[in-house]
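In what follows, a single structure is set out as C-alpha cells and then discussed.
The values are calculated or read from the model by the stated rules, or taken from the named source; none is laboratory data. Bear in mind the structure is a predicted one, so any value in this text is a computation, not a measurement. Because the Cβ atoms are built from the backbone with ideal geometry, glycine has one as well, and the counts that use them run over all protein chains shown. Keep in mind that these areas ignore ligands, DNA and RNA; they rest on the heavy atoms of the full protein, side chains included. Shrake-Rupley method; radii C 1.70, N 1.55, O 1.52, S 1.80 Å.
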Amino acid sequence: MMNRWNNEWLEADGLGGFASGTVGTERRRRYHALLQVARRPPTERMVLVNGFEAWLETPDGRSELTSQRYAPDVVAPDVRGRIADFHFRPWPCWIYRLDGDGRLQFELFAPHGKAALALIWRMLYPYEARLCLRPFLSGRDYHSTHHENPHFRMQPEESEGRLTWKPYPGVPSIALLHNGRYHHDPVWYRRFRYAEETERGLDDIEDLAAPGVLSWPLKQGKQAQLLLTADVPGGLADSTEPCERLVADLQRSERRRRAVFPSKLHQSADNYIVRRGEGRTVIAGYPWFTDWGRDSFIALRGLALSTGRYEVAKDILLEWSGQVKDGLLPNFFPDADQEPEYNSVDAPLWYAVAVHECLRHCRLTSEEETRLQEAVSSIIEGMARGTRHGIGRDDDGLLACGEPGVQLTWMDAKVGDWVVTPRIGKPVEVQALWINALQIAAPWNPRCEARARQAIESFRERFWSSRDGYLYDVVDVNHRSGDNDNTLRPNQILAVGGLPFPLFQGPRAAEVVEAVERSLLTPMGLRSLDPGHQDYRAHYGGSVWSRDSAYHQGTVWPWLMGPFVEAWLRVHGDSSKSRLEARERFLQPLLDHLDQAGLGHVSEIADGDAPFAPRGCPFQAWSLGEILRLKERVLAERDA
C-alpha cells in the first residue's frame, strides 16, 4: 500500500509553470518546487523557489511545520504527526495540530494565467504564535539540481512588503510580496536528498540558498500572506498593490474560476491546457513533459471535446495545422530556436482522429473547417507518396514504416542507439489509424474511399492470426513480406475500439477483446506485453536503462483502458447492463486511483504485476483524458 504522505499535489498556472509537492511536505523530487515558471510558455521552465522551512515560535518553544530529507537518508524534522488534515480541492490545504485545541491552516494556489503562487496561513482557534519561514532559492533548469557556489546573490532588494532577488545573470528575478517582516540571515542548506530521484537512478542531491527569514505574528483572525512571482510572462513582479489586497483579489478570482467546473475531473483536466504564444496547447504530463504531438491529440478528445471545451480543441488543432511537413507532424511543438523532430508515424494520424471529433462537435467557420481538412489531406497524401523514415503506402494499401535506429510508434523507448521495440514494418495500430484517417477524409478527398476499401481488405486478410486467435502486432517485419510478429501486445485493441471506425466486428472482434482481457488487463490499464513472453518485465524502476527497457515490455498503461472498454462494450452489447458492468469492473479502479499518487489525476504507467504500483509521471494528460472520455461519453447513461 502506498504511503499517503508521499501522495503528490499539483498547482499549474496555465502557462506551463507549476508548483508541486507532497502531502507530508517533504520534497521527494527535483521537480517539487513552489515557484517553477516557464520563460517561454509553456517551455524553458526554471525553478526559482524550491521550498521553505517553516515553524511556529511560542513561549513553550518551537513547533516545526515542514519536513526535509537530507543525505544520506535523514528526515529532519518529521512533521507528519502534526498534520491533522489535508485536502486538495479547490487547492492544497493543510490543517496543523497545535498545543491544546490550537489549529493552523495553510493553503496555497496558483492563479490561472499568472506566473505566481499565493501562500496563506491563518489560525483557526484562539492561539498566538510567531510564524517563521525561511525560503529556499535556486535559479536552475527544472531538470537539473543546484549546488553551493559563490555566485548566488543572497542580498535582496528590499522595499515595503517586497523582496526581490536577482540570483544569477540571465536568470529571472524572484519577487516575494509579503505582509510580514524580513530578517537577512544568508546561509546555504546543503545536501537535500530527493528520494524519487534516487529510485530513478538520477542526480538526487541539491544545495539551496537560504537568504533570510520572514516572520509574522499570528493569532485568530490574522493571516500571514506570501506571493511568489518572477519577471517572466504572466509574472506579477511589477505589481504595486499591497500583498494583502493582491492575494485577496487573486483568491476570489480563482475561487470563482474553479467553482464553474462541473466535477473534480474537469478541474484536473484544466491543468493540462496551457498557453502557447497567442494560442493554446496540451501539456503531456507533469512534472517533466511539455507539449508532445501524439500525447496532445490522444488526450484532447477527453480533456477538451468530452468536457465541452470545444473552442480549446479547435484552437489547438488549428495551431498544429500549420506544422504539417511531408505528411508528418513533429512529435513535439518546436520552440523558435529548435529544429522539430518529425519522428512519429502515429502523431499525424491521431491528429486526423482529433480533427474528426472536432468537425463533429465544434462550431467552425468555413475557413477553419477548410484548414483542418487540408491539414488532414496533406498528412494522407504525404504518407501515401512516401516520406521520411520509410513511411509510405505499400502495394497492399497498408502503411509501412520504420528504419533501424528510429522509434516511430507510441512504443518509442530508446536507450542510447538501442530501440527497445522497433516495430519496423506494418504495426497493427498504425494500420487502424491509417484506415481511420482515410475514412475520415473520404467525404472531402475522393481518392481516400478506394484507398480505405483496399486497406481494410488487406488488413482483415493479413493481420488475423488464426493459430493465436488475435491480431499480429506487426506484419512484414523489417519490411520482409510475410514475416509476421505474433507477440501479444495491446496495440491491436485499436482495431476494435478507441477509434471512430472499428476494423473488426463480430466473432473476431470478440476474440481480440477476450485475448487482451485474459492476458493484458489489470485494474490500472493494459499491460504492454503478455506476461508469458520471455521479454516481460514485471516492474518498472531502477536506472534509466532499466526503466526504459521495461517501458513497453510489460509496464501497464492506463490510457489504453479507454480503447479497451469501448471495444469491450462493442462486443458485449452497448446496453445499460453492460455499461454498468464496465463502470464497476474497469472504470472504478481508476477512479479510486485518483486519491493516490498524483492526487486528482491518473498516473502515466504502473507495474505489470500486482499490486500494480503507479509509476512514471504522476500527472498524465492522456491517462486522465481517456478516463474522462470513458466517463463522459462511452459509459454515460443513455436515454431510454
(request) Be a star and scan the stretch 571-589 for residues whose amide nitrogen sits under 16 Å from the point 7 Å along the Cα-to-Cβ vector of Gln505. (result) 571-575
(request) With everything on Cα atoms, drop me the angle between helix 347-361 and the longest principal axis of the chain, reported from 0 to 90° to the nearest 10. (result) 90
(request) Using a 1.4 Å probe and ignoring any ligands, DNA or RNA, find the accessible area of Trp288 and quote it in Å² to the nearest 10. (result) 50
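For the chain, what is the mean residue ellipticity at 222 nm derived from helices alone (per DSSP H run of n ≥ 4: -39500 (n - 2.57); sum divided by total residues; nearest 500 deg cm²/dmol)? Walk me through the numbers before you get to the answer.
On the way: 15 runs with 168 residues, N = 640.
Helices in the chain give a 222 nm mean residue ellipticity of -8000 deg cm²/dmol.
Would you kindly state how much longer the chain becomes between Arg453 and Lys414 on full extension, computed as 0.36 nm times their sequence separation minus their alpha carbon distance, in nm to one decimal? Write out the running numbers ahead of the final one.
Numbers: separation 39, 0.36 × 39 = 14.04 nm, distance 3.50 nm.
Once the chain is fully extended between Arg453 and Lys414, it gains 10.5 nm.
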(request) Could you point to the residue in Cys93, Phe106, Leu10 farthest towards the positive end of the stretch 1-123's charge dipole, with +1 and -1 charges on the Cβ of Lys/Arg and Asp/Glu respectively? (result) Leu10
(request) Run the quick spin-label model on Leu202 and Arg4: label points 7 Å from Cα toward the beta carbon, then report their separation in nm to one decimal. (result) 2.8
(request) Can you grab the distance from the C-alpha centre of the stretch 27-104 to the C-alpha centre of the stretch 426-471, Å, no decimals? (result) 53
(request) Working from Cα positions, state the angle (0 to 90°, nearest 10) between the long axis of helix 428-441 and the longest principal axis of the chain. (result) 80
(request) Roll a 1.4 angstrom probe over the protein heavy atoms and tell me the percent of accessible area of the stretch 548-599 that is carbon or sulfur. (result) 46
(request) Order Lys577, Lys426, Lys219, most accessible first, counting only protein heavy atoms with a 1.4 angstrom probe. (result) Lys577, Lys219, Lys426
(request) Straight distance only, please: which aspartates and glutamates reach the Cα of Lys222 with their own Cα at less than 13 Å, same-chain residues fewer than 8 apart left out? (result) Glu128, Glu244
(message) Please give the Cα centre distance for the stretch 473-490 versus the stretch 114-165, rounded to the nearest Å.
(response) 56
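Per residue, how big is the convex hull around the C-alpha atoms of the stretch 162-318? Give it to me in cubic angstrom, could you?
Numbers: hull volume 31.3 nm³, N = 157.
Roughly 199 Å³ of hull volume per residue.
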(message) Using only the heavy atoms of the protein chains and a 1.4 Å probe, how would Phe261, Phe18 rank by accessible area, largest first?
(response) Phe261, Phe18
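Would you mind working out the accessible area per residue for the chain, using a 1.4 Å probe, and quoting it in Å²? The partial results should precede the final answer.
Working: 24060 Å² over 640 residues.
Each residue of the chain exposes 38 Å² on average to a 1.4 Å probe.
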(request) Calculate, axis by axis, the spread of Cα positions in the stretch 38-146 along the three principal axes, and write the results as whole Å, longest axis first. (result) 48, 36, 21
(message) Please report the net charge: other residues with Cβ closer than 10 Å to the Cβ of Gly598, K and R +1, D and E -1.
(response) -2
(message) With just the Cα atoms defining each centre, how far is the stretch 268-337 from the stretch 560-614? Give it in Å.
(response) 24
(request) For the stretch 205-274, build the charge dipole from Cβ charges (+1 Lys, Arg; -1 Asp, Glu) around the Cα centre, then report which of Val213, His266, Leu226 sits farthest towards its positive end. (result) His266
(message) How charged is the neighbourhood of Pro563? Take every other residue with its Cβ under 12 Å from the Cβ of Pro563, and add Lys/Arg as +1 and Asp/Glu as -1.
(response) 0
(request) Treating cross-link reach as a plain straight distance, find the lysines whose alpha-carbon is under 24 Å from the alpha-carbon of Lys577, omitting any fewer than eight places away in the same chain. (result) Lys631
(request) Rank these by accessible area, largest first, 1.4 Å probe: Ser173, Ser366. (result) Ser366, Ser173
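On the accessible surface of the stretch 353-502, probed at 1.4 Å, how many percent belong to carbon and sulfur atoms?
On the way: 2490 of 5900 Å².
The nonpolar share, carbon plus sulfur, comes to 42 percent.
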(message) Can you tell me which aspartates and glutamates have their Cα less than 14 Å from the Cα of Lys314? Leave out same-chain residues fewer than eight positions away.
(response) Glu278, Glu357, Glu367, Glu368, Glu369
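Mind pulling the per residue volume of the convex hull built on the Cα atoms of the chain? Å³ is fine. Intermediate values should be presented prior to the final figure.
Values: hull volume 103.9 nm³, N = 640.
Enclosed volume per residue, from the Cα hull, is 162 Å³.
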(request) Please give the helix 243-259 orientation as an angle from the longest Cα principal axis of the chain, in degrees from 0 to 90, rounded to the nearest 10. (result) 30
